[in-house]
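Take a look at the structure set out below.
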Amino acid sequence: MSAISITGLHKHYPRVHALKNIDLTIERGEFFGLLGPNGAGKSTLISIVAGLTRFDEGSVTVLGHDVLTAYRQTRRLIGVVPQELTFDPFFNVREVLRIQSGYFGLRDNDAWIDELMQALMLTGKADANMRALSGGMKRRVMIAQALVHKPDVVVLDEPTAGVDVELRKQLWTFIRRLHREGHTIVLTTHYLEEAEALCERIAILNRGEIVALDTKRALLARGIGHTRRVCITTAEPLGPLPESLAPKLRRQEGNQIELQLDKNTDSVMAVLDDLRARGAVITDLSMEGADLEDVFVELTHGGSA
Ligand SMILES: Nc1ncnc2c1ncn2[C@@H]1O[C@H](COP(=O)(O)OP(=O)(O)OP(=O)(O)O)[C@@H](O)[C@H]1O
Ligand SMILES: [Mg+2]
């Protein structure tokens, strides 16, 4: 039985067709990445799977249970860490986790709550009021909150947004542990390196449609076939690029530019000639194959909805 199965899903908001005929199956035990630019529909999809948002057409099941007709079951099987930080400022961390346990009818959940707090390095903050916590700490509490009932399927919507590098690494370790222990993990992230480091299979959503769905390895192989990144250092900063190169620009900082070139149609030599013709003195050049970011940019044309 699949962890999550979505067929023919459509979701309209008054002004936007947010999900267009989504078909997606995530198997038990997978570490799945859901990527896409702002407004692609990731949070909407997650919210539907969590049974929190209505949809117009299609069907969604969690471990075989329909999110509409078997809401009570699906809610117990899934733990969702929402993208927005929402919390009640009047409770401390332990209270928040006890209240959440209460929603699932779990009394005497303190042993697990303690374990969760320890794993998320919250033990020292157990008695701290939510409003007194830093953003990163609140994020950890929300993760603990999603796990109080030991759900099979754990869905994390941008769990590391606005989180510093060290905490991000700690969260990765923690999420990896959940996965090792048998949980199905679905993760959305804007950090493509994060998806690359963690996820086995990835869907890329763009404007409500799945534009890629494959193993990370296959996606990367696909990227390497098409594009390469070229980093060019010049003696002087280049200023605005000519019209022919501007669409290929990935980054421009001081006297360095990074271009994404199509292996089949763009010639590195032609680019260099073009720059030299404009008086640039090229002092360094490096080239790389694609990483997930290139694949992402290629598939979503770098655009937000
Ligand atoms: N409650 C709502 N009412 C109306 N429109 C909404 C609502 N929630 C989302 N939308 C719209 O639906 C589309 C998808 O939004 P969603 O939040 O799912 O995207 P996302 O992929 O999670 O983006 P982000 O990366 O910014 O979190 C956007 O166009 C958004 O403006
Ligand atoms: Mg979102």
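The values are calculated or read from the model by the stated rules, or taken from the named source; none is laboratory data. Since the model is a prediction, treat every value here as computed from it, not as a measurement. Backbone-built Cβ (ideal geometry, glycine too); neighbour counts: all protein chains shown.
Collect the residues in the range 122-161 that are charged (D, E, K, R) and either away from ligand 2 (no atom under 16 Å from the Cβ) or surrounded by fewer than 20 Cβ atoms within 10 Å (Cβ to Cβ) (or both), keeping them in residue-number order. Quick ask: steps written out before the conclusion?
Of all residues in the range 122-161, those charged (D, E, K, R) come to 125, 127, 131, 138-140, 150, 152, 157-158.
Answer for the range 122-161, where residues must be charged (D, E, K, R) and either away from ligand 2 (no atom under 16 Å from the Cβ) or surrounded by fewer than 20 Cβ atoms within 10 Å (Cβ to Cβ) (or both): K125, D127, R131, K138, R140, K150, D152.
Just give me the residues in the range 13-63 being more than 6 Å from ligand 1 (Cβ to nearest atom) and under 20 Å from E293 (Cα atoms), in sequence order.
The answer is F31, F32, G33, L34, L35, P37.
Of all residues in the range 2-36, which are of a type in the set (A, V, I, L, M) and touching a strand residue (DSSP E or B) at 6+ places or on another chain (Cβ under 9 Å)? Lay out the reasoning, then the answer.
Taking the range 2-36 as the starting set, the residues that turn out to be of a type in the set (A, V, I, L, M) are 3-4, 6, 9, 16, 18-19, 22, 24, 26, 34-35.
Residues satisfying the conditions are A3, I4, I6, L9, A18, L19, I22, L24, I26, L34, L35.
Just give me the residues in the range 14-27 being surrounded by fewer than 22 Cβ atoms within 10 Å (Cβ to Cβ), within 19 Å of the chain's Cα centre (by Cα) and touching a residue at least 60 places away in the same chain (Cβ under 8 Å), in sequence order.
First, pick out the residues of the range 14-27 that are surrounded by fewer than 22 Cβ atoms within 10 Å (Cβ to Cβ): 14-17, 20-21, 23-25, 27.
Next cut, within 19 Å of the chain's Cα centre (by Cα) only: 23-25, 27.
Result: D23, L24, E27.
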So H17 passes all but one of these: (1) away from ligand 2 (no atom under 16 Å from the Cβ); (2) under 27 Å from K150 (Cα atoms); (3) not hydrophobic (A, V, I, L, M, F, W, C). Which condition number does it fail? (2)
Yes or no: the range 285-304 includes at least one residue that is in contact with a helix residue (DSSP H, G or I) (Cβ under 6 Å, 6 or more places away or on another chain), outside any strand (DSSP E or B) and surrounded by fewer than 16 Cβ atoms within 10 Å (Cβ to Cβ). yes
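Do any helices (runs of 4 or more DSSP H) lying entirely in the range 129-221 carry at least 3 residues that are modelled with pLDDT of 90 or more, and which ones are they?
Details: elements: 135-146, 165-180, 192-198.
In the range 129-221, the matching helices (runs of 4 or more DSSP H) lie at 135-146, 165-180.
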